[in-house]
Every structure is written in C-alpha cells, then in structure tokens.
Amino acid sequence: MNATTRRLLTIVTEAALEQLLVKDLEALGASGYTVTDARGKGSRGTRNAAWGESSNIRVEIVCDAATAEAIAAHLQARYYAHYAMILFVSDVAVLRPEKF
Amino acid sequence: MNATTRRLLTIVTEAALEQLLVKDLEALGASGYTVTDARGKGSRGTRNAAWGESSNIRVEIVCDAATAEAIAAHLQARYYAHYAMILFVSDVAVLRPEKF
Amino acid sequence: MNATTRRLLTIVTEAALEQLLVKDLEALGASGYTVTDARGKGSRGTRNAAWGESSNIRVEIVCDAATAEAIAAHLQARYYAHYAMILFVSDVAVLRPEKF
C-alpha cells in the first residue's frame, strides 16, 4: 500500500455547535470532514460541571500536520472555555494524500 | 501543539448493554465516554455464531493507560464469553490531559 | 494487557454503497465490520467536485495487514474513480486476535 501519513483529528462536542464548527474547519483549510451523532458524558470546559448525558456530535478531519495544529489552536482559543469539547489526534495512513 | 498521550479505547458491542457498560466505565474511572449507534457483523463470543446485522453501539473512552487496562480486563472477564463485543486500543494526543 | 496489533481501516463513503461494500468486505476476508451513519463534505473522486453535505456511512474493519492491503487495493480499483470515498488506516491493539 503506497500510503502517506496524515493527521486524524477527532472532536467530540455539543451538537448545537455543528454549523459554527464546520465553518471554522473550512476556513482553516480542512478539505473534508465527517460528522456522526453521538451521546455521552464528560466534564465541561473549565467549570468541570457534569454534562449529563447530552446530544453530541463526533467530527473527524483528516489533514496535514499544519492544518491539524491550526484547527487545534483555534478550537482551544475559541471554544474550550465555554463549551463541552474534547479533541484527540492520531496519525493515519492514507492512499490519496492530495485529497487531504 | 502541547500534547500528551492518552489511550483511546473503542468498544463495539450489543446496543442492549449500553446502560450496564456505562456504569462499569464510570466505576472504573473513565471521566467521559462517547456513544454512537452502529450496525455490523462479527463473530459472537466463544460460540462464534454469526451476529447477523444487528443493533450495536460504538463506545469511545479516552483515558490514561492504567484506566484502559482496568476497563479492558473488566470487560474481558465480565462480557466476552456471553456477549458480542470487540475492543481495540490506540494512542492519541490530547491537549488537556487533566480532563482524561 | 496481552495485546496483538491489527489494522483498523476506516472508510467514509456514500450511504448508497453500503450493501455492495459489505459484500466486498466479506469476500475479501473481513471477519466483521461496524457501520455508522454520518454526514460530511469532501472532494469527490477524480473530478474533485464538491460533495456538498451528503448522506454518508463510516465503516470500520479490524483485520490483519494482508486483509487490509487487499481491501484497500480493491476499493481503490473498484470505487475511487466513481464514488466519494476516503480510506485511512492505523494500528490498534486487540485482545483476541483470533477474532480479526
């Protein structure tokens, strides 16, 4: 498999943020994203109050390292203090690097 | 990106187990989890009978290595023989390690 | 954790392909798969026309390296030119390697 490494960013956050978030991702250079509906529980922002079970989305973006850094920095600055949001990153192999 | 490594556990199992499983995860120290509805096919427990297409859930937990070990050991002891369940683990980078 | 490494393949594609794709996966030796409904945006095939927000599926397969290669090669040959499809691969640790 003639594969190239890219970053896989996964964001889990409040469903109400979907439209805002998607605009941010496009503005920051993501060439695509995948959204699935989810539910779950976690701590909320800096206040650490329980979410309770809530309506969440899970968003995945495959992109290069620089775009991943830019997205992570933006989300941290813009949303972390006020919204329930987690983000995690790993490396993945892709076949068509020009798509990401 | 000032990132720290955590474990990402992904569990795919029967939808009927959701409430039990979520209680187990909290008791074992997970600070959060994400559930999505899924469908699929696989072998079932030790009996290896086909699931057929069925109503599943996909559960993700980001946690430290010790919690991941505890969850994996518990699920294996408690569910593997009797339920359709798979679990896989990878490393992910996170920005706010205190949340996990 | 007495874990073994397997490949995790994630495919995101058009929802209409689900039945075809699942047959391909079984024929190519996947012992299971997980499907979730998703939506998203990306470039399409070689034409690079926008998908727009569309009805997608996200399919995961945990399998050995040879099966992963076979699936990736087949999907690339059979679908990439004509369908919106991305595929990414990573390594995961599993507890019961005989299941994958």
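Here are the numbers for this structure:
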item: Cα gyration tensor of chain B - equivalent ellipsoid semi-axes, whole Å, descending; result: 26, 14, 12
item: Value of relative contact order over chain B, rounded to a whole percent, pairs C-alpha under 8 Å and six or more apart; result: 48 percent
item: Heavy-atom accessible surface of the range A:4-94: percent carbon and sulfur, 1.4 Å; result: 50 percent
item: Inter-label distance for A:D64 and B:Y83, nm, one decimal - labels placed 7 Å from Cα along Cα-to-Cβ; result: 4.4 nm
item: Convex hull of Cα atoms in the protein assembly as shown, direction-averaged projection (nm²); result: 14.1 nm²
item: Angle in degrees between helix C:65-78 and the longest Cα principal axis of chain C, rounded to the nearest 10; result: 20 degrees
item: Angle in degrees between helix A:18-27 and the longest Cα principal axis of chain A, rounded to the nearest 10; result: 30 degrees
item: Dipole magnitude (debye, nearest 20) for chain C, charges at Cβ of Lys, Arg, Asp, Glu; result: 200 debye
item: Rough spin-label spacing in nm, given labels placed 7 Å along Cα→Cβ, for B:E18 and A:E18; result: 1.7 nm
item: Value at 222 nm in deg cm²/dmol, rounded to 500, when DSSP H runs of n ≥ 4 in chain B each add -39,500 (n - 2.57); result: -7500 deg cm²/dmol
item: Options C:L21, C:A38, C:A73, ranked by Cα towards positive dipole end of chain C, top entry (Cβ charges); result: C:A38
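The values are calculated or read from the model by the stated rules, or taken from the named source; none is laboratory data. All values derive from a computational prediction rather than experimental measurement. Methodologically, a virtual Cβ is constructed for each residue, glycine included, from the backbone with ideal geometry; neighbour enumeration extends over all protein chains shown. We work out accessible area using only protein heavy atoms, side chains counted, and drop any ligands, DNA or RNA first. Shrake-Rupley method; radii C 1.70, N 1.55, O 1.52, S 1.80 Å.
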